Each structure stands twice: as structure tokens, then as C-alpha cells.
Amino acid sequence: MGDSSQVGLVIEAESLVKVYRQGGVRAVDGLNLRVRRGEIYAFIGANGSGKTTAINMMTGALAPTSGIIRVLGVEQPRNRHEVASLIGVAPQEYSLYQDLTVDENLEFFAGLNGVEQGLLGERAGELLDILNLRGRRRTPVSELSGGMKRRVSIACALIHDPEIVFFDEATVGVDPVLRQFFWGYFRSLAERGVTIVVTSHVMDEAERADRIGLMRAGRLIEEGTPSELKQRHGVNTVEEVFLKLSGGVTVDG
Amino acid sequence: MMIAMPAIVMVIFGLALSGEVKNIPILVQNLDVGYEAQAGPGVSISVESGADLAEALQGDDSLRVVTGSYEDGVTGVDDGDYFAAVRIPADFSERLYRRMRGEDVDVVVDVYVDGTKPAIRASILGAVGDSLRSLGDGGGLEVAQVLAFGGAEYSGLDVSIPSVMGFVLTFLVLLISLIIINRETAMGTLQRLYTTPLTAFERLLGYVIALLVLGMMMSGVVLLVGVVFFQVTVRGSFTLLFISAFLYALTHVLLAVFLSNFARNELQAVQLAPIIALPSMALSGMLVPVNSLPDYIQPIARLVPLYYGNRVFEGVMLKGYGVGELSGDLLVISGMAAVFLILAAMTVKDRIDA
């Protein structure tokens, strides 16, 4: 792992561009980004603003068209296997094996990430307690509600105790109480030194992040802590900052 | 694709099945020495009825006649090179002549015939019978039939089970493999796998192993239903049959992993299986022997895995073949598996392809 991890940078993107072959859409257009260890960083933007594309390049699931992306000092996606077990991802879709039980999904993804069998039970039990899924361990995922699937997806992202976690729209379809709980949990992870990158188009969520990156048309149009942004634009909420910057265009969702 | 598929299938079936059964390879040995007949006082005529019969057979479109010794023909039938061996006896002309003169002698032609293809067997016997009757008025003319493979005479079900097994392993293995692999994309699990340390090749191996187990279960069920409910016989070794089915299923699992690259959604995945399996069925010899296909289609038929699969499954189940007789076909299937493995390994993806 290069010098960057020593100075606390776990994600570095330079002039990152992604143009999709099909349709030629420029989904990410010159993204520069630095995320520090233990930080909660929130990408905020409308649907189609390039948040998921940016996350996919960080996780190594998608190759950039140009530019460089390093995660934990390792260039993605070329050397992604070196750091893959240090990264946890909860994609936008649930991304779970519907026919398998909660436990089986956890066991499968833990196995792929090299979690020792002895540690698995303890780790799974702990996560399922925190995420209030203890009673569902033997239930096939297909029989769970949307909110429960979301929690299982988060558990699968965390089962191997990763250093960086990416939550792509982790709180979509989650009720306000649970959302509150998620953010509390994210905060406790960050305090343990886990870096968390989330995407959201729910603005009040962004207020809870350490730093916010506002994305529009594949570009980072504004970045800073919630209070910095509000101060800079002389408004009271992050949502107002967003509305101001997008020229009054509202965000759906 | 929805419009192209039925069109492609129909064209292939139409071309493949347009001809009747023809060019069935048989071997004929004419031992007939001819006969000098006294037609009247001082008048003798010479008859060469055996040669006439051989000529009539050669002129029959349904057959492709090779001449040689009957023993070679019998070996050839046993090895699957010919469907029948025909022997015209030395006294054929004499007996036929005397029969025509009203004497009570039988005129017998020996035919050693492969009974594992009832339609072909019927065509051959029909052709020999017709040719024989073209020489005389029919009475007392006999075809003495000996069935190959220990006198095995098979029912329609017996002879179709090997092909059904081949077809099930082609169609269902492709279909289910394509759907399962496609579900990784549809469910989003593939995207999560792309972020784990799992390499693309490891993922490929995972698919192959899991789908192979499924393929073996399917062929086991086909065999079980055949044996238990329909008393289908397996003349050869069960072990060899199992190994062959394993190899054949492997070939199609690998093909499916490769083809999964071309299916963008479940609908396309579901259509890819029949687009491969139905033409395979038409070209494999399952419906008409490959020899009977139009000349320009025959080379294509030899590229179809099911052609070799059918030969192997028929060989083991109906003819009692061992590894020796089947090594060539098994080698071709292995070669195809190797080609599909290379194609699959070359195209398996380690990240989102966009």
C-alpha cells in the first residue's frame, strides 16, 4: 500500500472519466476526489448524476475510460484483487442470493473474502444482532421484506470487517426509524476507523456525513462539510445548497 | 431475435428433413457364379441374376452400396460403419432360374442388419426386397435377416432413449445454465462478486462445477425414468454411460458459460438454448441419419456435439460398445469441451463490461 495510506488518504481519484460504450454517455466527467480514513463521505446528486458509476470505479467493478483511481494505495481495477477483501460493498440493488437463507448469504460472501470459519459465526451473530435480523437467520432472502433485504445486504458488505465500505443508496426504501439507526451505526463504524462512502439523493441524510460531494452531470460541483456548504451559500440546509446549485431543479426520490 | 429464431429453426429443419432417407451405407457381396440354363435342345442361356440384383441395389437411391466381403460387412455393421451387409449366395442364379421354372426351391439372400434404427432397417429390407422382386415374380424369394448386436431388436422407445438423453443434456443443460448465470446479473449478485477477491476464472470454475452436478442429476433422472418405468436396456457399461454423459454435460456447461456473454437478459438467455438445441436436433442424426442430409449440410452436422453424443449414447446403450469403439467420438467431444473452455475463459469477465 503506497504512501497515501500513511497520510490517511484511502481513496484518491484524479481526472476520472467514464464514458459508457453503449449510448456514449459521459457518466463521470473528470472527477477528482480524496477521502480520508475514518471519514463518512456522502455523494449527493440526482438520479443519473454519476454517483453509482463513480462508486463502481472505486470498488473495482468498473474500469474508468481515463484517469486514475486508487483505493488503499492500489490502482483500481487493475490490482483490485489485492484490496478486494478490504472493501465492502452494498450495491444499489440488494444483490443477494434470493434462494439462500440470510446465514447462507453471509457465509458465502464471508468465504469469498477469506473470513475464517471460526470467526464467521461470531461475526455473523454480532452483525445480525446489530441489524436486528437475529430471528431471520434461517429465512430465505426471497421471503424477507425490502427493509430486511437492505439490512442483509449491509451485513454482507460488513461480514469480513472491511476497511472501506461503499453503500450505494443504502437507505432507499428504508423507514425513517431504521434510517436513523443506520446512520448511528455508520458513525460507530467510522469511529473505529472504517471509511464509509455513501450515495444518496435524500438530502437530510447528507447532513449527517462528515463531508459531502454534490454531483451533477458526472462532475463534482461542490464539496465540503455540511456546515461549510451551508455557510458558503448562506442557507440553512444542504437541500437548499443543492437546489441553489442545480438552478432550482428539484431532485426526485 | 424473437423473429429470427423461428425462422432459423424452420430453415434448418426444412433443409435437414427435406430429403427422404437416402445414402444408407451398406456392403454387398455377390458370390453368385451364374448359371448356364438349357432353354431347349441345343440352346443354352447364361443368367447372371446375382449381378443383376447387385446392380439393382446400386441403382437404389436410398442406399450407398460398397462391395466387399460379407465378413468385412458384418464387422462394419458391428463397428457402425455400415447399416447392413448383404450376401448373394453362389447358387443364386441357379435357384432363381429353377424357381422361375416352377420348381419348389427357395431363393435366399442373407442380410446382416443394424436393428438400432428401425426406420433405416425397414428401408434397407424394403430396398433389398424390391430389388429381389424386380428379378422375379416374388414367390419364394426370401430375405434372411440377422440382426446385429446380439439379435437386438429394439422398440421405438429403446432406440429413442439415447437421443432423448443427448437432447435433454443439450437443451436443459444449456437452458438452465444460461438462466442461472444470467440471474447473477439480474439479481445484482454478479456486481457484488466483482468486488470480492474472487477471480474471473474461479467464478467460471464455480459455474462449471455447480452446473455439472445439475447436468448429472438430469441425465440420472432421464436414465432412471427410462430404466424403471420403460424397462429400457443398457447393453454396455453403466460406468461408461455415466462418464460419457458427464463429458457431454461438461461440454454444454462450458458452451453455456461462453454463450452467457451474449445474453443481456433472461429473455435472451431463454431463447439461446433452443436456438442451439433445435438445429442440433435436426442435424445430429436424431431424426434422419446424417448420411441422408443434403451433401452441403453434412459437414455442418459433423460440427454438432449432439451428433457425437448420440453416437456415444446409442453405442453404449443399444450396441453395447466399449471405450474402444467409442474412443473417436469421445475424443471429439473432449476436444469440443476444450474449445468451449478456452472460449469461456477468454470471455469471462472480471468487471462490469460497459
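The values are calculated or read from the model by the stated rules, or taken from the named source; none is laboratory data. Please read these numbers as outputs of a predicted model, since none were measured by experiment. For neighbour counting, all protein chains shown are included, and Cβ atoms are generated from backbone atoms with ideal geometry for every residue, glycine included. The protein model used for the area step is the full one, side chains on, heavy atoms only, and it has no ligands, DNA or RNA in it. Shrake-Rupley method; radii C 1.70, N 1.55, O 1.52, S 1.80 Å.
Descriptive notes on the structure:
- Between A:Gly45, A:Gly121, A:Gly67, the Gaussian network model of chain A with springs among Cα atoms under 10 angstrom shows the greatest mean-square fluctuation at A:Gly121.
- The accessible-area loss of region A:96-114 on complex formation, taken against its chain alone with a 1.4 Å probe, reaches 30 Å² or more at A:Tyr97, A:Gln98, A:Phe109, A:Leu112.
- Of all the options A:Gln98, A:Gln117, A:Gln180, the one that moves most in a Gaussian network model of chain A with Cα springs shorter than 10 angstrom is A:Gln117.
- The antiparallel fraction among DSSP beta bridges confined to region B:22-151 stands at about 35%.
- The residues of region A:98-249 expose, per residue, 43 Å² of accessible area to a 1.4 Å probe.
- Helix-only CD estimate at 222 nm, as mean residue ellipticity for chain A, using -39500 (n - 2.57) per DSSP H run (n ≥ 4): -10000 deg cm²/dmol
- In this structure the amide hydrogen of B:Ala37, modeled in the peptide plane, comes within under 5 Å of the amide hydrogens of B:Ile45, B:Ser46, B:Val47, none closer than 5 places in sequence on its chain.
- Rounded to whole numbers, the Karplus 3J(HN,Hα) couplings from phi for region B:266-279 are 5, 4, 5, 4, 5, 7, 5, 4, x, 5, 8, 6, 5, x Hz, using 6.51 cos²θ - 1.76 cosθ + 1.60 with θ = phi - 60°, and x at Gly and Pro.
- A Förster radius of 22 Å, combined with the Cβ-Cβ distance separating A:Gln117 from B:Ala200, puts the computed FRET efficiency at roughly 0.30.
- Average partner coverage of A:80-93, which counts Cβ from other chains inside 10 Å: 4
- In the full protein context, region B:156-347 carries 40 Å² of accessible surface per residue, based on a 1.4 Å probe and ignoring ligands, DNA and RNA.
- Length-normalised contact order of region B:22-151 in % [C-alpha pairs under 8 Å, at least 6 apart]: 28
- Partner lysines for B:Lys22 [C-alpha distance under 19 Å; skip if fewer than 8 residues away on the same chain]: B:Lys117
- Above-threshold pairs, the threshold being 28 Å between Cα atoms, out of A:Lys149/A:Lys244; A:Lys51/A:Lys149; A:Lys149/A:Lys230: A:Lys149/A:Lys244; A:Lys149/A:Lys230
- Nearest-20 debye value, chain B charge dipole, Cβ charges on Lys, Arg, Asp, Glu: 1940
- For the chain pair B and A, the interface hides roughly 2300 square angstrom of accessible area in total, found with a 1.4 Å probe.
- Candidates A:Phe166, A:Phe182, A:Phe43, ranked by Gaussian network fluctuation over chain A, Cα under 10 Å, top entry: A:Phe182
- Estimated at 0.36 nm per residue, the fully extended path between B:Asp295 and B:Ser334 surpasses their Cα-Cα distance by 11.4 nm.
- Between region A:124-190 and region A:76-98, the Cα center-to-center distance that results, in Å: 16
- Across region B:167-176, coupling constants 3J(HN,Hα) worked out from phi with the 6.51/-1.76/1.60 Karplus curve, θ = phi - 60°, read 5, 4, 5, 6, 6, 5, 5, 4, 4, 5 Hz, and Gly and Pro carry x.
- Once the Cβ-Cβ distance of B:Arg302 and A:Asp99 is raised to the sixth power relative to R0 = 45 Å, the FRET efficiency obtained is 0.65.
- Remark on A:Gly213: its backbone amide H falls under 5 Å from those of A:Ala42, A:Phe43, A:Ile44, a criterion applied only to residues 5 or more positions apart or on other chains, H modelled at 1.01 Å from N.
- Residue mean of other protein chain beta carbons inside 10 Å, A:50-60: 2
- Accessible area per residue for region B:22-151 is 45 Å², calculated with a 1.4 Å probe on protein heavy atoms, without ligands, DNA or RNA.
- Overall, the accessible surface of the protein assembly as shown at a probe of 1.4 angstrom is composed of carbon and sulfur to the extent of 57 percent.
- Heavy-atom accessible area with a 1.4 Å probe sorts A:Met148, B:Met346, largest first, into B:Met346, A:Met148.
- Think of it as helices only: each DSSP H run of n ≥ 4 in chain B is worth -39500 (n - 2.57), and spread over all residues that comes to -19500 deg cm²/dmol at 222 nm.
- Antiparallel bridge percentage (DSSP; both residues within region A:102-253; nearest 5): 50
- Acute angle (nearest 10 degrees) that the helix B:49-58 long axis makes with the longest principal axis of chain B, alpha-carbon atoms: 20
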